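The values are calculated or read from the model by the stated rules, or taken from the named source; none is laboratory data. This is a predicted model, so every value here is computed, not measured. Here the Cβ is made from the backbone with ideal geometry for all residues, glycine too, and neighbour counts use every protein chain on show.
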Amino acid sequence: MKQFLLLCTFICSLCATAQQPIATKATTILSVDSNDIYKLAQKSSKKNTLFFTFGIWCEPCRLHLPTAIKLAKDYDLEFYVLLVDSQTSDRTSRAIDYLQKLDKDIKIAVLKDAVYGDKTQKRNTKFVKEITPPQFEMIDGFSKYILLDKTGKVIMVTNWKDNPGSWEDDSDMVQIKIVPLLK
């Protein structure tokens, strides 16, 4: 009986986490699905909103993050780092710590477990299918730039094929694929 009560408590806490922002240190982590992303772009005071998909274990994500941050600052974008791991994953906690050390004011969102499940690849695939408009190739990789306009319309979703140079440096891809959309 005691184990059953502990299990129920754990499940209830997971459900509550999936519905509410997660508060850590000075940052609020938003739990989102694709509809929430559209709404965040619509509610933003900025012309465009950029989401950058991130996993702490993903080397391209860590290497490309400074370019995404610089892009957001240079072009006055609403900017969120979107965590792809489960809300309750140790990797998500490590990613939050890493991001907060990098920039204490960084906005962080995490995909909702209740919508996307807890398996990283499956949740990312489902999310990328939902968010990628038909005119873009749907490749469910990580380190994606997802750019939305003020109406909540997705105007760019990048993938690894968009990067003409080395995978370690995505600055050329940003200049070719994203910057022209911001001018």
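Looking across Lys107, Lys70, one residue alone is at pLDDT 95 or above and under 20 Å from Ser171 (Cβ atoms). It is Lys70.
Going by what's in this entry, would Lys126 be described as closer than 20 Å to Gln175 by Cα, modelled with pLDDT of 95 or more and assigned to a helix (DSSP H, G or I)? So Lys126 fails the test. The residues of the range 112-143 that are over 17 Å from Phe54 (Cβ atoms) and among the polar types (S, T, N, Q), listed by number, are Thr132, Gln135.
Is there a residue being in a helix (DSSP H, G or I), closer than 20 Å to Ser31 by Cβ and more than 13 Å from the chain's Cα centre (by Cα) anywhere in the range 148-156? Lay out the reasoning, then the answer.
Residues of the range 148-156 in a helix (DSSP H, G or I): none.
Checked against the condition, which is being in a helix (DSSP H, G or I), closer than 20 Å to Ser31 by Cβ and more than 13 Å from the chain's Cα centre (by Cα), the range 148-156 yields no hits at all.
What is the residue count in the range 77-110 for residues that are polar (S, T, N, Q), in contact (Cβ under 8 Å) with a residue 40 or more places away in the chain and more than 22 Å from Lys39 (Cβ to Cβ)? Full working, then the answer.
Here is the first cut: in the range 77-110, the ones polar (S, T, N, Q) are 86-89, 92-93, 100.
Keeping just the survivors that are in contact (Cβ under 8 Å) with a residue 40 or more places away in the chain gives 87-88, 100.
Then keep just the ones that are more than 22 Å from Lys39 (Cβ to Cβ); that gives 88, 100.
The number of residues fulfilling the criteria is 2.
Of all residues in the range 161-183, those satisfying the criterion of being in a helix (DSSP H, G or I), within 18 Å of Ile139 (Cα to Cα) and free of Cβ contacts under 8 Å to residues at least 40 places away in the same chain are Lys161, Asp162, Met173, Lys177.
Ser93 meets all of the listed conditions (1) of a type outside the set (A, V, I, L, M, F, W, C); (2) modelled with pLDDT under 95; (3) not in a loop (DSSP other than H, G, I, E, B) but one, namely (2).
Evaluation of Glu137 against the conditions (1) surrounded by fewer than 18 Cβ atoms within 10 Å (Cβ to Cβ); (2) outside any loop (DSSP other than H, G, I, E, B) shows that the sole unmet condition is (2). Scanning the range 52-68 for residues that are buried (at least 18 other Cβ atoms within 10 Å of the Cβ) and either within 18 Å of Lys183 (Cα to Cα) or without any contact (Cβ under 8 Å) to a residue 12 or more places away in the chain (or both) gives Thr67, Ala68.
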